[in-house]
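Colleague: Please find one structure pasted underneath; my questions will follow.
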Amino acid sequence: TDCAAPRILSCGPGPRGCNITRAAAVSRRREEILKELGLWPQWRLKSSNESNDTPSVITDDRRSSILRMDWQELKTSVATCKACPLHEKRSQAVFGVGDENADWLFIGEGPGAEEDAKGEPFVGQAGKLLDSMLAAIGLKRGENVYIANVVKCRPPGNRNPEASEAQQCEPYLEQQIALIQPKLIVALGKVAVQNLLKADATIASLRGRLHDYQGIPLIVTYHPAYLLRNLPDKAKAWADLCFARKTMRELQ
Ligand code: URA
């Protein structure tokens, strides 16, 4: 389950009389954890005079180690990730929720305040609407459905994630998708679409047809938070969901 503490984090006190300092022990422990996750020696702490900017390019080493992770390694890595500045203000990373073998995968943008507090995606007002959208096509959170976001940490002030932040987080979502192997992806809103399809087009121009994410059919619709502000577009989202349901039936 999500709650199971991974073996590698079971950090007990050292033997009595041990003369290594606590800082050295912590640092050695970190090194062991990174080694177990296949992230050492590529990852290291920044020294204090290094820039705090998010590197705009993700290293091949980091990306390929993430793309080898199993669920537990991925969860631990996301929970402890400091690859971009979003970690500084998060209460916790929001990994994703649902059936890890789901046919359906819904992808949003990033956690908001309520998600950051609860550690689960789409639990605020937009989440309630997403649950209703799921119910409208006979689906329920957690039952044959997985819900994830492009970025796992809350962008302050609910701003959109920056490209460099999404880029650092991208292999996490990529690996979630690889582990779930959904039959169909529904991309919710512009940020999800931009990052998954690498297309800077409007939702209006992309909805109503099938797209492809690494061989998986992908359907585009409006983000529930947008729908809360633009009620007339709910009818279009409903049409998109009907299209998604029809597509899934044809895939089965
Ligand atoms: N909006 C998103 O895109 N994701 C969430 O988890 C919550 C709101």
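Colleague: Testing Gly138 on (1) in contact with a helix residue (DSSP H, G or I) (Cβ under 8 Å, 6 or more places away or on another chain); (2) under 14 Å from Pro224 (Cβ atoms); (3) more than 10 Å from the ligand (Cβ to nearest atom), one condition comes back false. Which one is that?
Modeller: Tallying (1) in contact with a helix residue (DSSP H, G or I) (Cβ under 8 Å, 6 or more places away or on another chain); (2) under 14 Å from Pro224 (Cβ atoms); (3) more than 10 Å from the ligand (Cβ to nearest atom), Gly138 fails exactly one: (2).
Colleague: Here's something else I'd like to know. Checking the condition touching a residue at least 40 places away in the same chain (Cβ under 8 Å), hydrophobic (A, V, I, L, M, F, W, C) and away from the ligand (no atom under 16 Å from the Cβ), which residue from Leu196, Leu227, Leu231, Leu241 passes?
Modeller: Result: Leu241 is the single residue among Leu196, Leu227, Leu231, Leu241 that is touching a residue at least 40 places away in the same chain (Cβ under 8 Å), hydrophobic (A, V, I, L, M, F, W, C) and away from the ligand (no atom under 16 Å from the Cβ).
Colleague: Among the residues of the range 187-203, is any within 25 Å of Lys234 (Cβ to Cβ), part of a strand (DSSP E or B) and modelled with pLDDT of 95 or more?
Modeller: yes
Colleague: State yes or no: is Glu88 within 25 Å of Ala163 (Cβ to Cβ), free of Cβ contacts under 8 Å to residues at least 40 places away in the same chain and buried (at least 22 other Cβ atoms within 10 Å of the Cβ)?
Modeller: no
Colleague: Hey, can you tell me all the residues within the range 95-118 that are within 13 Å of the ligand (Cβ to nearest atom), under 30 Å from Gln252 (Cβ atoms) and part of a loop (DSSP other than H, G, I, E, B)?
Modeller: Scanning the range 95-118 gives Phe95, Gly96, Glu109.
Colleague: So, Tyr172, is that one touching a Gly at 6+ places or on another chain (Cβ under 6 Å), surrounded by 15 or more Cβ atoms within 10 Å (Cβ to Cβ) and of a type outside the set (A, V, I, L, M) or not?
Modeller: No; evaluated as a whole, the condition is false for this residue.
Colleague: Continuing with this model, one more query. Could you please find all residues in the range 154-193 being out of contact with any Pro (no Cβ under 9 Å at 6 or more places or on another chain), within 13 Å of the ligand (Cβ to nearest atom) and touching a residue at least 24 places away in the same chain (Cβ under 8 Å)?
Modeller: Across the range 154-193, the qualifying residues are Asn158, Asn160, Ala166, Leu173, Val186, Ala187, Lys190, Ala192, Val193.
Colleague: Identify, please: which residue in the range 205-224 is in contact with a Leu (Cβ under 8 Å, 6 or more places away or on another chain) and assigned to a helix (DSSP H, G or I) and is, among those, surrounded by the fewest Cβ atoms within 10 Å (Cβ to Cβ)?
Modeller: Filtering the range 205-224 for residues that are in contact with a Leu (Cβ under 8 Å, 6 or more places away or on another chain) and assigned to a helix (DSSP H, G or I), the one surrounded by the fewest Cβ atoms within 10 Å (Cβ to Cβ) comes out as Leu206.
Colleague: Only one of Gly98, Gly124, Gly108 is closer than 27 Å to Glu162 by Cα and more than 16 Å from the chain's Cα centre (by Cα); which?
Modeller: Gly124
The values are calculated or read from the model by the stated rules, or taken from the named source; none is laboratory data. Keep in mind it's a predicted model, so treat the numbers as computed, not measured. A quick note on method: Cβ atoms are made from the backbone with ideal geometry, for glycine too, and the neighbour counts reach across all protein chains shown.
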